[in-house]
Structure formats: C-alpha cells, structure tokens
Amino acid sequence: GCVLVVSVIEQLAQWHNSTVKAAMERLCDYIPGKYQIMCHMSFCIDREMNADVVCHSLRLCKQDPGQPLCHLYSPPKLHHLCELMHPSTFVFLPLQKSFMGFSSVCAFPLLANLCEKIKYVLRNKLPFEDFDGDKFSTFPTLRGYHWRGRDCDDKNTTVYPGRSPDNWDAKSDSNCNGIWGVDPKDGIPYEEKFCKGADSKGVVLLGDSAGAHFHIPPEWMTVTQMSAKSFANLPMAFSDEFDWPQFSEITGFLNSTIGGWTDSLYLRLRKRNRCNHRDLQNISQNGIRGKLIQEIRSSLARNQLLDNPAIVIYATIGNDVCNGERDTLAHMTTPKEMLSNVVQALRYLDSHLPNGSHVILTGLVDGRFLWDNLHDRYHPLGQLNKDVTYSQLYSFLNCLQVSPCSGWLTPNETLRNLTSERALQLSNVLKEIARSEKFANFDIFYMDFPLRQTAEEWRKMGGEPWQLIEPVDGFHPSQIAAALGTGITWQKALHEWPQVLGKENPFNDQIEAIFKDQGGH
C-alpha cells in the first residue's frame, strides 16, 4: 500500500513539475472526502528516492530476518533517509494504519461505519440494506442490486425477483419483473397472457473474483490520466469490494463505465424472454475456492416450491490452484478435495433448486496466458518512466507473499506448467462429475473456460491478447474478455444445450410496447 501511494505521489510531482507536498495535496483534492486516508501523511521525499526506499525509511515496509528484501523498483545508487516535515506534530500511528490492511483502515472514524457494513456483507454475502429479509435490496452496493435482482417491495418478504407470480400478479408485481395488472380488453392478467408457459428462469453465478468482476481502474494510478473524475467511482467501488458485478459476464445488466461493453448471460436470457427481468444472483467472492457450500447455504435465494427454475453457473476458474504461498503447489486443491467439495455443493443445490433447473460447471483457466502476454509490458505504475514491468510487479507480490497466483505469475516456467497441469486435473474432475452424476431437480453440463476462443475472437476484431487482462492486477479477465466470453458461452449453449436457455418468448415486443406506453423501463 505504501509503495503504491508514494509511487503515485512522486509521479504526480514529476508530471506537474511540482513539489511532493503539492502533489500530495493534488491527490487529496482528487479523492472524495472521507476516503482521504493517505492525507494523514506528512513527509518529504527526496527526488532521488524511489517508493521502496521511502517506505522502508518510514518503517512501513520491512525486511524480516531470513527473508528477501522486497522491492518493486530497481534499487537506487543513493539512499537518503526521509526527513519528516513536522517532527513535533507528526502522528506516526495513523500513517502506519493507513497501509496495514482493511481492519486498520477501519480505525479511521469517518470510515468505521462503512467498514462495519462491509464486514457484514463479507461474512454473510447478503445485502446490508434488506428490510424484509428476503435477500434482495433496493440499494445498489453492499451486496445490493448490483449483485442480485432489485427488490420492488422491500417491506414484503413474499415479493422478490425470481418467484412464480402470485395469482398471475393481477393486483401487484410479486416477482419484480415489471409485468402486472389486468388487460382491460379481455380481463386476462398480463403476466398470464405474456409469461404463462414461457419457460421463465433466472441465472445464478457461484464464482470467485473473476465472476464478481474484480477491477481497479488504471486511471487511479496513471498520473497522465488522473483527475478528480478519476476517483468519482471510488465510494461505489469500495462498497462493492472493488468488484463490478453489474458489468460482469454472467449477471451484468448496466452499460459498462470501465471500458469495453457489457454483454452477459442474464441480458441475453432477458432478451430471449422479457419475463426473466431482474432474475439474477451473483454469489461470488474474491479469493473463494471450490468449497462453496457455506456461501451457497447463506446466500442462495431460491424457494424450491415458489420460485422459477434457475441456470446455475459454477465457476471458480483459478483460486483452487492460485495462492500467494512460496510452496504454492502444496496449497493447491487436490482432485480428491475438488470432487468432495463440488459434489457436496451440488447435493445442497439439488435440495433447494426448483425442478427443471440446470447447472453448468466451468473448467479452470490456463493461466500461462498471463505471463506469456504481460511479463515484458509496462504496468500502469511504470508507464511514465518505463521502470515497472509486470514481471517486476509479480516478483514484488510474490516476495511479499500476497500474489494472487504464485504458480502462474512467475518467471519459473516449470512452476507455471505444473500449475496448469493441476488446473487441468481439476477441470477433468468437473467434467467427470457432469458425465456421471445425476440429480433430481437439475441436469448438469460441463464447459471449458473459453480463453482460447476469446483470444481468437479478439484477434479477429484487431485486438491484442494483453487487452483481455485487467491492467492493474495483471490477473483477472478484463471487461472486453467478459463480454466476448458471453457470446462464446451463449453459442455453445444454443447448439449443444438449447433446453438450458428456454424458448424465445413471442410476446417480447408486446411487453416492451406496453412498457413504453406506460412510461416504464
């Protein structure tokens, strides 16, 4: 954290030809008020000192006995100790706390209340603002409707997205799809007229940070692009755990504001059958591995008797082989563990999903794509001075033992190959489960993660492979990759499992026309 913030401040000073103090004030002006944690800092940085030297001088970074010295930049020839500008008034503790992780950041009074809310949603994977307790919300962030369909009556626990209509919604909208009331011409409820027999179904994602769509905007650390507008989305991003599920590959529903475009399985299902409006759930978590049973138990909102069937995407595409440990192979999920974890989750789903549901198991990605396409490119922090490549970033994170994936983000080709070998073994476990296991309330399918097809499609469009990877973390699929992946998944389903997607609703145009007449959306 210290190296990141100091790097940005130093580069701001260089870009605007200002003092470091002026650069820090500029950065603080950019950031929304209560998020100005780094504004507690008050120090002088010598122009010859890089961020590693500064942070070690401030004792915010340290070298433990017997451990390597972790550094992002090449070691400088001269080391100058930093002199504090106001030794008598400088408070060292807040500065340290601002870089010591989530719990310490929360010691700042202005963020304490928000942090408590975020801790709640991290524990429960449920909306913080949910007055009727039906697991749906009218609030966007803190696991609200960015993550699952928007509630249309948060004071009534029997009203929520995805349920079968109550008395064909003649008097009110019980399933929040916007279709309710009675046609005055014939007295038939609109829901019955347009949605009866339409094979309505929702989409549920059980995933990791890729499914949640983890993203740190590159303009937050690219000083040539930085302005107050750059940080306008910081409060929302913080409240959504730096995930953007509203733009994601499976449950995205809003136009992307982070580059690329939004295309999702939910949007395509909604276009196919307008009665599916708002029936989505993204139960993903940063860092989650194949053992998803606890998340499913606490977070899944599906009533086996009252609700429509669902398409469940089970996609933990990397974390079962990814960790930040030095002996990374020893901490990977084994095929035996994978089998146990997934079958346990599927049995729970079988006892809770409505009959006629579907489950798609997605294989793990081949993460060698990351090193092959990024290692010699400059990271956003290194673009100004051409001094930080992704290879350097990966080595820095590995040294600190906080790498998102030590097995793939490494110059060690043997280790990269072994990691991909384990990923393939785990994918084969999923493939065998789909082939051999049978369940009462859903059928089950397997598909490989479509990275190769996505890259080929992007090349045909004139793109470069590295653009399919998030630029800041150098690890997650980008917005472009998510949108392209949707199309590939959809085509596979259309040709191989058409029953999963349901039939096209012939009344879609009539439904939209009525909405426009009534001023709805």
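The values are calculated or read from the model by the stated rules, or taken from the named source; none is laboratory data. The model shown is predicted, which means the values in this text are computed figures rather than measured ones. No Cβ is skipped: glycine too gets one built from the backbone with ideal geometry, and neighbour counts run over all protein chains shown. Keep in mind that these areas ignore ligands, DNA and RNA; they rest on the heavy atoms of the full protein, side chains included. Shrake-Rupley method; radii C 1.70, N 1.55, O 1.52, S 1.80 Å.
Does S104 satisfy being surrounded by 13 or more Cβ atoms within 10 Å (Cβ to Cβ), outside the structural domain of E219 (by the TED database) and either modelled with pLDDT of 85 or more or within 28 Å of N286 (Cα to Cα) (or both)?
When the stated conditions are applied, S104 passes them.
For a quick check of your reading of the model, give me the residue pairs whose first member lies in segment 187-198 and is within 17 Å of C176 (Cβ to Cβ) and part of a loop (DSSP other than H, G, I, E, B), whose second is of a type outside the set (D, E) and open to solvent by less than 50 Å² (accessible area, probe 1.4 Å), with beta-carbon atoms closer than 9 Å and at least 6 apart or on different chains.
A198/N273; A198/R274; A198/C275; A198/N276; A198/G502; A198/N505
In segment 323-333, how many residues are within 28 Å of G485 (Cα to Cα) and in contact with an Asp or Glu (Cβ under 9 Å, 6 or more places away or on another chain)? Lay out the reasoning, then the answer.
Just the residues of segment 323-333 that are within 28 Å of G485 (Cα to Cα), to begin with: 323-324, 332-333.
Imposing the further condition that a residue be in contact with an Asp or Glu (Cβ under 9 Å, 6 or more places away or on another chain) reduces the set to 332-333.
Total satisfying the criteria: 2.
Output the number of the condition that D376 fails; it satisfies all remaining conditions of (1) under 24 Å from V8 (Cβ atoms); (2) outside any helix (DSSP H, G or I); (3) touching an Asp or Glu at 6+ places or on another chain (Cβ under 7 Å).
(3)
State all residues of segment 242-287 that are more than 13 Å from A482 (Cβ to Cβ), under 11 Å from the mean Cα position of the chain (by Cα) and open to solvent by less than 30 Å² (accessible area, probe 1.4 Å); if no residue qualifies, say none.
Matches in segment 242-287: I283 only.
Take S7 and decide whether it is modelled with pLDDT under 80 and either outside the structural domain of I216 (by the TED database) or in a helix (DSSP H, G or I) (or both).
Answer is no for this residue.
May I ask you to list the residues in segment 186-217 that are open to solvent by 40 Å² or more (accessible area, probe 1.4 Å) and closer than 19 Å to P498 by Cα?
Hits for segment 186-217 are G197, D199.
Take S209 and decide whether it is under 30 Å from N341 (Cα atoms), out of contact with any strand residue (DSSP E or B) (no Cβ under 8 Å at 6 or more places or on another chain) and modelled with pLDDT of 95 or more. Give the derivation first.
Details: under 30 Å from N341 (Cα atoms): yes; out of contact with any strand residue (DSSP E or B) (no Cβ under 8 Å at 6 or more places or on another chain): no; modelled with pLDDT of 95 or more: yes.
For S209, the condition - under 30 Å from N341 (Cα atoms), out of contact with any strand residue (DSSP E or B) (no Cβ under 8 Å at 6 or more places or on another chain) and modelled with pLDDT of 95 or more - is not met.
Among the numbered criteria (1) in contact with an Asp or Glu (Cβ under 9 Å, 6 or more places away or on another chain); (2) crowded, with 16+ Cβ neighbours inside 10 Å, which single criterion is violated by W497?
(2)
Could you tell me which residue of segment 379-392 is farthest from R422 (Cα to Cα), considering only residues that are open to solvent by 20 Å² or more (accessible area, probe 1.4 Å) and part of a helix (DSSP H, G or I)?
To start, the set of residues in segment 379-392 that are open to solvent by 20 Å² or more (accessible area, probe 1.4 Å) comprises 383-387, 389, 391-392.
Going one step further and asking which of them are part of a helix (DSSP H, G or I), we end up with 391-392.
Working: S391: 23, Q392: 25 Å.
Out of the qualifying residues, it is Q392.
Which one of these is assigned to a loop (DSSP other than H, G, I, E, B) and of a type in the set (D, E): E504, E457? Before the answer, list the steps.
Numbers: E457 fails: assigned to a loop (DSSP other than H, G, I, E, B).
The conditions single out E504.
Output the number of the condition that N417 fails; it satisfies all remaining conditions of (1) under 29 Å from I216 (Cα atoms); (2) touching a Leu at 6+ places or on another chain (Cβ under 8 Å).
The one condition N417 does not meet is (2).
Considering every residue within segment 341-351, establish whether at least one is outside any loop (DSSP other than H, G, I, E, B), open to solvent by 10 Å² or more (accessible area, probe 1.4 Å) and of a type in the set (G, A, S).
No, segment 341-351 contains no residue that is outside any loop (DSSP other than H, G, I, E, B), open to solvent by 10 Å² or more (accessible area, probe 1.4 Å) and of a type in the set (G, A, S).
Being buried (at least 17 other Cβ atoms within 10 Å of the Cβ) and not charged (D, E, K, R) is the requirement here; does F449 meet it? Show your work before the answer.
Working: buried (at least 17 other Cβ atoms within 10 Å of the Cβ): yes; not charged (D, E, K, R): yes.
So F449 passes the test.
Can you tell me which condition L400 does not meet? The list is (1) under 30 Å from Q225 (Cα atoms); (2) open to solvent by less than 30 Å² (accessible area, probe 1.4 Å), and all the others hold.
Tallying (1) under 30 Å from Q225 (Cα atoms); (2) open to solvent by less than 30 Å² (accessible area, probe 1.4 Å), L400 fails exactly one: (2).
Where residues in segment 177-198 are closer than 24 Å to Y145 by Cα and of a type outside the set (A, V, I, L, M), which of them is nearest to the chain's Cα centre (by Cα)? Show your work before the answer.
Let us first name the residues in segment 177-198 that are closer than 24 Å to Y145 by Cα, namely 177-180, 191, 195.
Next, from what is left, pick out any that are of a type outside the set (A, V, I, L, M): 177-178, 180, 191, 195.
Details: N177: 25, G178: 28, W180: 33, E191: 34, C195: 32 Å.
Only one residue tops the list, namely N177.
Restricting segment 107-137 to residues that are small (G, A, S) and open to solvent by 40 Å² or more (accessible area, probe 1.4 Å), which is modelled with the highest pLDDT?
G133
In segment 407-418, is there at least one residue being assigned to a helix (DSSP H, G or I), open to solvent by less than 50 Å² (accessible area, probe 1.4 Å) and touching a helix residue (DSSP H, G or I) at 6+ places or on another chain (Cβ under 9 Å)?
There is at least one residue in segment 407-418 that is assigned to a helix (DSSP H, G or I), open to solvent by less than 50 Å² (accessible area, probe 1.4 Å) and touching a helix residue (DSSP H, G or I) at 6+ places or on another chain (Cβ under 9 Å).
Quick one: would you say W466 is open to solvent by less than 10 Å² (accessible area, probe 1.4 Å) and under 29 Å from L205 (Cβ atoms)?
no
Would you check which residues across segment 13-35 are more than 23 Å from F238 (Cα to Cα) and in a helix (DSSP H, G or I) and list them? Steps first, please.
Step one: list which residues in segment 13-35 are more than 23 Å from F238 (Cα to Cα), which gives 13-23.
Those that are more than 23 Å from F238 (Cα to Cα) and in a helix (DSSP H, G or I): A13, Q14, W15, V20, K21, A22, A23.
In the list T158, T141, which residue meets the criterion of being surrounded by fewer than 16 Cβ atoms within 10 Å (Cβ to Cβ), in contact (Cβ under 8 Å) with a residue 12 or more places away in the chain and assigned to a loop (DSSP other than H, G, I, E, B)?
Numbers: T141 fails: surrounded by fewer than 16 Cβ atoms within 10 Å (Cβ to Cβ).
From the options T158, T141, the qualifying one is T158.
Being part of a helix (DSSP H, G or I), within 30 Å of K386 (Cα to Cα), open to solvent by 20 Å² or more (accessible area, probe 1.4 Å) and not aromatic (F, W, Y) is the requirement here; does A237 meet it?
When the stated conditions are applied, A237 does not pass them.
Please determine, by comparing only the residues of segment 423-446 that are in a helix (DSSP H, G or I) and β-branched (V, I, T), which one is surrounded by the most Cβ atoms within 10 Å (Cβ to Cβ).
Among residues in segment 423-446 that are in a helix (DSSP H, G or I) and β-branched (V, I, T), the one surrounded by the most Cβ atoms within 10 Å (Cβ to Cβ) is V429.
Going by the conditions given, is K171 in contact (Cβ under 8 Å) with a residue 24 or more places away in the chain, over 19 Å from the mean Cα position of the chain (by Cα) and part of a loop (DSSP other than H, G, I, E, B)?
Considered against the rule, which asks whether it is in contact (Cβ under 8 Å) with a residue 24 or more places away in the chain, over 19 Å from the mean Cα position of the chain (by Cα) and part of a loop (DSSP other than H, G, I, E, B), K171 comes out as no.
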